[in-house]
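The values are calculated or read from the model by the stated rules, or taken from the named source; none is laboratory data. Keep in mind that what you see is a predicted model, and the values were worked out from it rather than measured. Here Cβ is always computed from backbone atoms with ideal geometry, including for glycine, and neighbour counts include all displayed protein chains. These area figures cover heavy atoms from the full protein model, side chains too; ligands, DNA and RNA do not enter into them. Shrake-Rupley method; radii C 1.70, N 1.55, O 1.52, S 1.80 Å.
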Amino acid sequence: MKTLVVGYNHSWKDKRVMRTVETFSKLGHVYYQFSGGIDLSAAQRNSDVQNFSLCRDEMPGTSKVIKRIRFDHEILKMVEELDYDLAYFHSFPASQPVKIFREVKKRGKKLLYDLHEIMPEQFLPERLSFLNPLLWKVLKTQLSLVDGVIGVSEEALRMMFEKTGTEKPMLCLPNYATSGVSPENCVKNAEIAVVGGTHRKISIDSRLLNEIKRNFKLISIGTTCNIADEELPFMDYELMMERISKVKFTLLAFQSRRDPQYANDIYSLPNKFYDSLAAGTPVIIDKRFVSMKEIVEETQTGIILDLLEEPKDPSLILNALDSYGCFLDNLRANYDRFVWDNSKESAFVDFITAILDS
């Protein structure tokens, strides 16, 4: 079996994309397109992966539009010329969102679509959101062409299928942690961490924030955060996980758009969520996060609050320390739910196999 994995604008180190590349490389040859640089020493360890570095911003041209068109042209050439059985897309081809997919099907190849976000909601900036209905039509056409869909949460997948009126084989594949940290003998500092590589706004009531800062040091890891007492730089994964394991809680209070009920936020299951739980650190989440809230309620591994409104009792987080031992016990008991392992990879391979045999 030969697979073309299109990472599009995702970097070579993107955890979700690389996970699929590694899985497909166990099944045969992989052509892997990614954006930006590459760790050559790591890349050479797997001879079954042929790497293609294509970066939109490095395309010829003076405008972003021209660069984007030329970038998509290069992706189209790969789709037209390479010898593969299955194409696996990790993003939405910006200037040729339907043509590239049609070319895959024209060649009689199988096509899988990994939607990291609810694409019509995420693709355009907020000022252009009036064009979202058009993007939903594009997504409907794309879904009519693909053989299967992979998403990060059941709620996000259901929304996309219901809104487009389509049905396709689907698999929920959350952003599981790559590895964990044993909570045994781990000293927890009086700190709360904000983690992530994006610069999304942190939305939290000022009174609650003041209460947090009275009792905890607020740190950020790998992201700019104007409410943090200390900003720590981006870290390699293992070092980041070790640092997360030393804080009392991870705070998940991001807001990407003006609307606090923005679907890509409330139905998200971000890397930082699974990384924190796998590092043995309970989470503090806003109750508007539907998908994360369900997992926290099931596993009892964190605190769910209305972070946007003034709390009736601002000392709720401090009071939760009385139950902290229970949080740690539940994190240990549910560890397998948070980390990528052989059973999850096997379920992914079974899904792929079923698509290929259909």
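On the basis of being surrounded by fewer than 20 Cβ atoms within 10 Å (Cβ to Cβ) and within 24 Å of the chain's Cα centre (by Cα), does F52 make the cut? So F52 fits the description; yes. When the stretch 55-81 is limited to residues that are open to solvent by 30 Å² or more (accessible area, probe 1.4 Å) and in a loop (DSSP other than H, G, I, E, B), the one that is nearest to F348 (Cα to Cα) turns out to be P60. Of the residues making up the stretch 267-320, those that are hydroxyl-bearing (S, T, Y) and open to solvent by 20 Å² or more (accessible area, probe 1.4 Å) are Y267, S315. Of the residues in the stretch 5-13, none is assigned to a helix (DSSP H, G or I) and not aromatic (F, W, Y). Filtering the stretch 257-268 to residues that are assigned to a loop (DSSP other than H, G, I, E, B) and of a type in the set (D, E, K, R) leaves R257, R258, D259. Of all residues assigned to the stretch 177-188, at least one qualifies as being surrounded by fewer than 18 Cβ atoms within 10 Å (Cβ to Cβ), modelled with pLDDT under 95, of a type in the set (A, V, I, L, M, F, W, C) and over 27 Å from K344 (Cβ atoms). Screening S129, S95 for residues that are in a helix (DSSP H, G or I) and out of contact with any strand residue (DSSP E or B) (no Cβ under 7 Å at 6 or more places or on another chain) leaves exactly one candidate, S129. Taking the condition of being open to solvent by 60 Å² or more (accessible area, probe 1.4 Å) and within 21 Å of the chain's Cα centre (by Cα), how many residues in the stretch 114-139 meet it? Of the residues in the stretch 114-139, 3 are open to solvent by 60 Å² or more (accessible area, probe 1.4 Å) and within 21 Å of the chain's Cα centre (by Cα). The set of residues in the stretch 140-161 being open to solvent by 30 Å² or more (accessible area, probe 1.4 Å) and of a type in the set (G, A, S) consists of S144 alone.
Considering the stretch 215-261, and only residues there that are hydroxyl-bearing (S, T, Y) and modelled with pLDDT of 95 or more, the residue that is surrounded by the fewest Cβ atoms within 10 Å (Cβ to Cβ) turns out to be S245. Beta carbons closer than 7 Å, at least 6 apart along the sequence or on distinct chains, pair a first residue in the stretch 330-358 that is loosely packed, with under 13 Cβ neighbours inside 10 Å with a second that is at pLDDT 95 or above for S358/D147.
Pairs linking a residue in the stretch 231-257 that is more than 15 Å from P270 (Cα to Cα) to a residue that is modelled with pLDDT under 95 and acidic (D, E), with Cβ atoms under 6 Å and 6 or more positions apart or on different chains, are R257/E126.
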